[in-house]
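Colleague: Right, I'll just put the structure down here and ask away after.
The values are calculated or read from the model by the stated rules, or taken from the named source; none is laboratory data. What you see is a predicted model; the values in this text were computed from it and never measured. All Cβ positions, glycine included, derive from the backbone under ideal geometry; neighbour counts span all protein chains shown.
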Amino acid sequence: MIQDIGEHIYDNHFEPHEAGPGSYLLHYVGDTMLCKLDDGGFCLPRLADLASAPSLRYLFSIDGTGFFLILDETVDAPGFSYAPVNWTRDAEPRHLLFAAVTGWQLARWYEANRFCGRCGHPTEIVPTSREICCPECGMVIYPKIAPGVIVAIIDPATERIVLTKYAGRPQVHYALVAGFTEIGESIEQTVAREVMEEVGLKVKNLVFYKSQPWSYSDTLLVGFYCEVDGSTEITVDHSELKVAEWFTREDALPRENDRVSLTAEMIRRFKERGNAVLNQ
Ligand SMILES: [Zn+2]
C-alpha cells in the first residue's frame, strides 16, 4: 500500500529542522509537483539542485533526511519540471512517492489556512509543532484528516463479495463500499450507514483489517471485512451512480496493477483466502 515503504522509516515527529544540501524539496503548483521523470520512476529535487536558495518549511523526515516545502511561488531548478501528483501512484521509488503525496496534503492544508476561519485575521505557523494559529483570536488549526471506511461485505454461505463500480465509466475499476464518517457517528455506524445507503444490505461481525492514510483526499481509511446479515438482495443507490454485484472468488477482479490502495489489497486477499478473511 502507499504507506508501505519497505525498510525506509517515515518520521513525522515535528521539531524545527535546518535544511542541508541533501534535503529533499517539495513544490506544488495546483495538482502538479516539481520532479524529474525517468523510465517509470521519478526523483525529487534536493537543495543542492536549486540555482538559488528558496524559502522553506520543514514537513517530515524519511531515514533522517528532511523533506521541506518550498514556499516561493516559482523555483529555479534546472532539469526539473512539473508532473501531476496523481501520475506518481505507480512510480518508484515508493518512499519518495509516499513523501510527495503526504507533502501535498500538508501543502494544501497550509495554503487553505492562511487566514483564520473564525475572525479572518492572517494566521501564523507555529514553529515548534504542526499547527497553525491565529494571533488575533487564538484559534489553533490542525491538519485536516477525514476518517472514512472501506467495507468488504462477504456472504459466507456462497463465499461471495460485493464489488461496486461507478455506472457509465467502463474504465473504472471495481471497488468496495466506501464513504466518509459523518459528524456524530462512530466508525462502526459509518460502516452500517454506508452499506445500507450504497447497496441496501445489513451487515454484522465487523472484522478490522488495516487502515491507510490516503493523502490525495485528506483521508484516513479504515478497512473492514464483514458478513451480510439477512437478505443478500442488493438495492443499488443510483444517486451515487453505482452498480454493485456479488462476485465469487474466481470472478472477483483483483486489481493486480494497483499496489497502493487498501481497496485493492482487500479484494486480492478475499480472492486468495475466501471466507477466511472473516477470521482475524
Ligand atoms: Zn482568528
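Colleague: Tell me, yes or no, whether the stretch 186-194 has at least one residue that is of a type outside the set (A, V, I, L, M), surrounded by fewer than 23 Cβ atoms within 10 Å (Cβ to Cβ) and in contact with a helix residue (DSSP H, G or I) (Cβ under 9 Å, 6 or more places away or on another chain).
Modeller: No; the residues of the stretch 186-194 include none that is of a type outside the set (A, V, I, L, M), surrounded by fewer than 23 Cβ atoms within 10 Å (Cβ to Cβ) and in contact with a helix residue (DSSP H, G or I) (Cβ under 9 Å, 6 or more places away or on another chain).
One line per residue, one yes/no per condition, for (1) in the same structural domain as Val236 (by TED's automatic domain parsing); (2) touching an Asp or Glu at 6+ places or on another chain (Cβ under 8 Å); (3) not hydroxyl-bearing (Ser, Thr, Tyr):
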{"site": "Val177", "(1), (2), (3)": "yes, yes, yes"}
{"site": "Phe180", "(1), (2), (3)": "yes, no, yes"}
{"site": "Ile183", "(1), (2), (3)": "yes, no, yes"}
{"site": "Ser186", "(1), (2), (3)": "yes, no, no"}
{"site": "Thr190", "(1), (2), (3)": "yes, yes, no"}
{"site": "Glu194", "(1), (2), (3)": "yes, no, yes"}
{"site": "Leu201", "(1), (2), (3)": "yes, yes, yes"}
{"site": "Leu206", "(1), (2), (3)": "yes, yes, yes"}
{"site": "Ser211", "(1), (2), (3)": "yes, no, no"}
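Colleague: Here's another thing I want to ask about it. Which number in (1) among the aliphatic types (A, V, I, L, M); (2) modelled with pLDDT of 95 or more; (3) more than 20 Å from Met1 (Cβ to Cβ) marks the one condition that Ala83 misses?
Modeller: Of everything listed in (1) among the aliphatic types (A, V, I, L, M); (2) modelled with pLDDT of 95 or more; (3) more than 20 Å from Met1 (Cβ to Cβ), Ala83 misses just condition (2).
Colleague: Do we find a residue being within 16 Å of the ligand (Cβ to nearest atom) and hydroxyl-bearing (Ser, Thr, Tyr) anywhere in the stretch 141-148?
Modeller: Within the stretch 141-148, the subset within 16 Å of the ligand (Cβ to nearest atom) is 141-142.
Still in the list and also hydroxyl-bearing (Ser, Thr, Tyr): 142.
There is at least one residue in the stretch 141-148 that is within 16 Å of the ligand (Cβ to nearest atom) and hydroxyl-bearing (Ser, Thr, Tyr).
Colleague: Also, quick follow-up: In the stretch 109-121, what residues are free of Cβ contacts under 8 Å to residues at least 12 places away in the same chain and within 9 Å of the ligand (Cβ to nearest atom)?
Modeller: Those that are free of Cβ contacts under 8 Å to residues at least 12 places away in the same chain and within 9 Å of the ligand (Cβ to nearest atom): Phe115, Gly120.
Rundown of residues vs (1) more than 12 Å from Phe68 (Cβ to Cβ); (2) out of contact with any Ser or Thr (no Cβ under 9 Å at 6 or more places or on another chain); (3) not acidic (Asp, Glu), yes/no style:
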| residue | (1), (2), (3) |
| --- | --- |
| Met1 | yes, no, yes |
| Ile5 | yes, yes, yes |
| His8 | yes, yes, yes |
| His17 | no, no, yes |
| Ser23 | no, no, yes |
| Gly30 | yes, yes, yes |
| Arg46 | no, no, yes |
